[in-house]
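**Student:** The following block contains the structure, expressed as structure tokens.
The values are calculated or read from the model by the stated rules, or taken from the named source; none is laboratory data. Note that the structure is a prediction, hence the values are computed from the model and not measured. No Cβ is skipped: glycine too gets one built from the backbone with ideal geometry, and neighbour counts run over all protein chains shown.
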Amino acid sequence: MTQIKDTTELDFCDVLFMPKRTTLNSRSEADVVREYKFRYYPHTLKSCGIMAANMATTGTFEVNNVLQKYQAITCLHKHYDFTNSANYDYIKQNFQKEESNGNSYTFVSTGLKDDKEKLYAILSDESFKVDKLCIDIANGYIPKLLEFVKEVRAKFPNLLIMVGNVVTGDMTQDLILSGADIVKVGIGPGSVCTTRKLTGVGRPQLSAILECADAAHGVGGLVCADGGCTCAGDVAKAFGAGADFVMLGGMLAGTDEAAGDLIEKDVQTNLLVADEKNPNEQYLLIKKEKYKQFYGMSSQLAQEKHFGGMACYRASEGKVVEVAYKGSVAGVIQEILGGVRSTMSYIGARRLKDIPKCTTFYRVNRQLNEVFGKS
Ligand code: 5GP
């Protein structure tokens, strides 16, 4: 019998933080680096909790190189071939560099259909020192995923395992009890995701985080909110809802370090300018604008680029967009951390971990005053 869950389900845009009396006099007093402890992984990790998505565009060595300076994590995309000596050497040096400051900020990624033997060889390679794995599939509810998590945990008891994606507490707990340290939360919120359109499946992201975080914390696990953040305020709201980590794709796309060619386009503005040669004539100013391509990992383009074409039983659940060029990813991460610090000073949270304790959300029906146009 069909059931309807008649509770209110919320997205980031449906809430705002309530400002509270605070002991912080300035945002510089807010500490955005947290020391994480895990259910299975035996080490601690000091991080700001931001993760670059393991997408071919954002999960790159170049993004990793910059983000680690901010103690932010990069989940490398799974299309790097580590049997290629250049890739192998790069990551080996990188891990050693990271290790010298006590933490590594790099996950390698896998799906369920990837070559297990290759993955196990990488994880077993002592000189390679990979100790963090992201197991990423679109539908985290399939039984094979639980079996795989159990298998990897049994083989690698000291590995930091993040797995997803789900949006409900029951499955979050199942994955943690099967061996996951972190569960990735989000079905359908991504900026280049079309799952909700194609399948009708999904859950508003703020409600999904609230439920999954509560479920995970109850059994000693952590959650990563994956997808749907469009600005620093959304990242802060994800932390406010209880996310321990926040994964970003679109916000880090369009940067120098993201993969893809820079595209330059002539764009017509609505500014009228006089024609120098013919003073009686005016024309609309044309401006050059720069973009970078960003695509969903289930898009037709990704299937063609990385999997040699779309399997006949699949349909594209992702799209291709052009994202405005943003310069270095360093600028983006600084802006996000600046925003989160400022949120913390508004709500009285001295440490990143305190954000949910200090969070009261107002439900709102409008966030921004856009009367004078969008910027
Ligand atoms: P964003 O930060 O861009 O809103 O979301 C990034 C997340 O979108 C990724 O981490 C991943 O979970 C999800 N994603 C990436 N590509 C696709 C896709 O092609 N289809 C779907 N359904 N989700 C995607």
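**Student:** Identify, please: which residue in the stretch 246-262 is away from the ligand (no atom under 14 Å from the Cβ) and at pLDDT 95 or above and is, among those, nearest to the chain's Cα centre (by Cα)?
**Tutor:** Within the stretch 246-262, the match that is nearest to the chain's Cα centre (by Cα) is Glu257.
**Student:** Across the stretch 206-245, which residue is farthest from Thr44 (Cα to Cα) among those that are touching a Gly at 6+ places or on another chain (Cβ under 6 Å) and within 9 Å of the ligand (Cβ to nearest atom)?
**Tutor:** Here the answer is Gly227.
**Student:** Given (1) more than 14 Å from the ligand (Cβ to nearest atom); (2) in contact with a Phe, Trp or Tyr (Cβ under 9 Å, 6 or more places away or on another chain); (3) of a type outside the set (Lys, Arg), identify the lone condition not met by Ala302.
**Tutor:** (1)
**Student:** Considering only the stretch 344-375, state which residues are hydroxyl-bearing (Ser, Thr, Tyr), in contact with a strand residue (DSSP E or B) (Cβ under 6 Å, 6 or more places away or on another chain) and closer than 21 Å to Ser47 by Cβ.
**Tutor:** Once the filter is applied, which keeps residues that are hydroxyl-bearing (Ser, Thr, Tyr), in contact with a strand residue (DSSP E or B) (Cβ under 6 Å, 6 or more places away or on another chain) and closer than 21 Å to Ser47 by Cβ, the stretch 344-375 yields nothing.
**Student:** Can you pull out the strands (runs of 3 or more DSSP E) entirely within the stretch 1-65 that have at least 3 residues that are within 25 Å of the chain's Cα centre (by Cα) and crowded, with 22+ Cβ neighbours inside 10 Å?
**Tutor:** Correct list: 50-52.
**Student:** What pairs come up if the first residue lies in the stretch 311-340 and is in contact (Cβ under 8 Å) with a residue 40 or more places away in the chain and over 28 Å from Gly202 (Cβ atoms), the second is away from the ligand (no atom under 15 Å from the Cβ) and assigned to a strand (DSSP E or B), and their beta carbons are under 7 Å apart, counting only those six or more places apart or on different chains?
**Tutor:** Pairs that qualify, where the first residue is in contact (Cβ under 8 Å) with a residue 40 or more places away in the chain and over 28 Å from Gly202 (Cβ atoms) and the partner is away from the ligand (no atom under 15 Å from the Cβ) and assigned to a strand (DSSP E or B), are Tyr325/Leu262; Tyr325/Lys290; Tyr325/Tyr291.
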